[in-house]
Structures are given as structure tokens and as C-alpha cells.
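**Student:** Take this structure, written in C-alpha cells, and hold onto it; I'll ask about it next.
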Amino acid sequence: MGRPLSFSLVLLFVGGFVWWSSLPLQVWADPASTASPNSTSAPNSRSLSGQSESPKSEVSKPDAAKAELLKPLTVEQEQAAIDFARSHHPELADLLTALKGAGHAKYSEAVSELHRHQERLARLETRSPERHAGELELWKIDSRIRLILARLTMGESDILRDELQVQLRQKQALRTELMQQERDRLATRLARLNESLATSTQNAEQSIQMETERLMKSARSRATKRTTSSKSSAEKSSTTKTTTNN
């Protein structure tokens, strides 16, 4: 994967940056077909530029998401996205740098999409640290797959096909691992829920009696306050009338 990057490859990779990431793993079951422009099951050169039609099940993103993608990034956001690529997929950072240097229109779209992935992973790291490492690795594999596919479109080779299959096997293994981890988390939550349910069922009558006492106490307290307030108002009114009559 250390070949020189031609500008055509840059456009093929970045032009399909958003499009590739939306495709399911099964699309690439036959990697050699990606290089055939007449194939009906694989993307052609127009697909790489994002112009071909998508299946109905993968309709374009909602307007709000599109607007967010087209929204210009700040200098800090742009740099953070490039730094993210530099850390986790240096070749992607090189591609983006080449696009920016050429002043190509695709640069803004690609770096905005990269920023979106970076933000998603950052939120995940805060919200669910145990899932972050796996999801980041999944993104890195997807990014490497897109680069291999761009190179395959420029010309097939057994080496690229083998590289693609290696990445797909890693992705499949990682997805399986992530699903197993999620299953374990759900099993733990289900066990806790079953425990809470059992406790709630066993102590149902006791809980009802305690809640009844609590609500009755609250009602009595409010009634006392209302009575005290009424007496206070009545005394004030009586005092005012006496003062007026005098």
C-alpha cells in the first residue's frame, strides 16, 4: 500500500469517500467486480464521483444531515479532522492534503465528512469508552478498504485483491467481536433488570403501603399549611377592619 499517489487516485478515493462508507459489507463479497465498469452489482467510475443512483434502501441523507455536511468548518475543526486522519490513516491525510493543495471542490466535502466521523467517535469515547476502541478500528479498516477500491478501479491486480480480502476478514472478525461485546453488555443489563423485577414483585404490597403512607403524609402536610394560611389571612383581615373602625 506504499505506492505513489496520483491525482486521479486522490479524486477516486475522496470522490467516493461518503459513498463507500454507506455500503454494506456484502457489496464487496466479490472484490474483483469493482473494477468492471459494466458490472451492475459494483460501482463504476461515475459511482466513485458520487453521481450514480443509490438503491432505494439507501436513499440520500435527510436534508438536515446534508446541510450539516455542507456547512463550512472552522479552521480549528478542519485541522482537527486532518490530525485525526494523520493519526489513524496517514494515507488519507496525504490524499486530503493533495486535494487542498490543488484547490479542488471535493476537498471541503471530504474533510466535512471526516469531521463528522471524528465527532461521532469523540462523543462515543465520552459516552461509551468501552465501545470506542472497536469503533475506531472499524473506521480505520473501512478507510483502508476505500483506498484499495479506488486503486482497483484504476486497474485490477491479485495483490490488491488479496489486500482487500485481508481487510474484509479483519472487518468481519471485528464486527463479530463487537456484537459479542454488545451481547454481553445486554446480558448484564437483562440480569440486573430481572433482579429488580423479582424484588419489585416480591415486595409489591410493602411498596404500596409505604407509598400510600408517604402520599398521605404529604397530603396532610399540605392541608395543615392551607389551614394555617387561611387562619393567618382571616386574622389579618379582622385586624384591618378593627383599625379602620377605630
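**Student:** Assigned to a helix (DSSP H, G or I) and either in contact with a His (Cβ under 9 Å, 6 or more places away or on another chain) or surrounded by fewer than 10 Cβ atoms within 10 Å (Cβ to Cβ) (or both): is that true of GLU182 in this structure? Quick ask: steps written out before the conclusion?
**Tutor:** Values: assigned to a helix (DSSP H, G or I): yes; either in contact with a His (Cβ under 9 Å, 6 or more places away or on another chain) or surrounded by fewer than 10 Cβ atoms within 10 Å (Cβ to Cβ) (or both): no.
Against the criterion (assigned to a helix (DSSP H, G or I) and either in contact with a His (Cβ under 9 Å, 6 or more places away or on another chain) or surrounded by fewer than 10 Cβ atoms within 10 Å (Cβ to Cβ) (or both)), GLU182 does not qualify.
**Student:** Could I ask something else about it? Going by the structure shown, is THR153 in a helix (DSSP H, G or I) and buried (at least 17 other Cβ atoms within 10 Å of the Cβ)?
**Tutor:** In short, yes.
**Student:** Restricting to the range 117-139, what's the tally of residues that are under 18 Å from MET179 (Cα atoms) and either touching a residue at least 12 places away in the same chain (Cβ under 8 Å) or in contact with a helix residue (DSSP H, G or I) (Cβ under 6 Å, 6 or more places away or on another chain) (or both)?
**Tutor:** Of the residues in that region, 12 qualify.
**Student:** Another question about this same structure. Could you tell me how many of the residues in the range 162-179 are closer than 17 Å to ILE148 by Cβ and basic (Lys, Arg)? Give the steps one after another, and end with the answer.
**Tutor:** Here is the first cut: in the range 162-179, the ones closer than 17 Å to ILE148 by Cβ are 162-172, 174.
Subsequent filtering for residues that are basic (Lys, Arg) retains 169, 171.
Number of matching residues: 2.
Just so you know, all these numbers are worked out from the coordinates, no wet-lab data involved. Everything numeric here is computed off the predicted structure, so don't read it as measured data. For neighbour counting, all protein chains shown are included, and Cβ atoms are generated from backbone atoms with ideal geometry for every residue, glycine included.
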